[in-house]
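The values are calculated or read from the model by the stated rules, or taken from the named source; none is laboratory data. Bear in mind that the values here come from a model prediction, so they are computed numbers and not experimental data. Every residue, glycine among them, receives a Cβ derived from its backbone with ideal geometry; neighbour counts consider all protein chains shown. Calculation scope for accessible area: heavy atoms of the full protein, side chains included, ligands and nucleic acids excluded. Shrake-Rupley method; radii C 1.70, N 1.55, O 1.52, S 1.80 Å.
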Amino acid sequence: MVKVLNGNEFTENVENTKGVVIVDFSATWCGPCKMLGPVFEGVSNKLGDKAKFFKVDIDANGNIAQKYRISAVPTMIIFKDGVPVENLSGFMPEQNITQKLNAYL
């Protein structure tokens with residue numbers, strides 16, 4: 001299941017979490033972000049508790065987007081034990097996202 005985070009929740013759920021977390025940085029006005037939404041949800045459902053899945057709206061949380069230098073959306077960042085380990089930019093099919101995540105599980 002994908003949870004939408006705000007600024008206050010980001011530190012606790014992403015930066016201070018052990019294990020693998022993937023964050024989808026998106027915007028409501030972004031067409032490719034809308035296409036990625038169901039794919040991201042599908043990966044979340046398949047991997048279950050192996051990783052945590054979050055979404056961050058860059059317009060509502062500009063400070064987080066700036067901290068992680070998000071210059072284009074959609075951008076996904078994989079975190080391992082609170083540290084960003086890989087950036088994935090643009091729309092990606094489910095199998096590509098799953099393959100990237102499996103490398104860190």
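For region 1-99, the C-alpha radius of gyration divided by 2.2 N^0.38 Å, with N the number of residues, is 0.96. With each label modelled as a point 7 angstrom along the Cα→C-beta vector, the residue 87-residue 8 pair spans 2.9 nm.
With all protein chains kept in place, the per residue accessible area of the chain amounts to 54 square angstrom at a probe of 1.4 angstrom.
Summarising the strand pairing of the chain, around 55 percent of its internal DSSP beta bridges are antiparallel. Heavy-atom accessible area, probed at 1.4 angstrom with all protein chains present, ranks 81, 24, 57 as 81, 57, 24, highest first.
Binning the alpha carbon pair distances of region 1-56 at 5 angstrom intervals from zero yields the distribution 4, 19, 30, 23, 16, 6, 1, expressed in whole percent.
With contributions of -39500 (n - 2.57) from each DSSP H run of at least four residues, the per-residue ellipticity at 222 nm computed over the chain stands at -9500 deg cm²/dmol. The mean sequence separation of alpha-carbon pairs under 8 Å and at least six residues apart, normalised by the residue count of region 3-103, gives a relative contact order of 39 percent.
The portion of the accessible surface of region 3-103 made up by carbon and sulfur, rounded to a whole percent, is 49 (1.4 Å probe; DNA, RNA and ligands excluded). Which one of 54, 21, 105 is farthest out on the positive end of the charge dipole of the chain, using unit charges on Cβ (Lys, Arg +1; Asp, Glu -1) and the Cα centre as origin? Of the listed residues, the answer is 105. The accessible-area ordering, largest first, of the residues 47, 105 stands as 105, 47, per a 1.4 angstrom probe.
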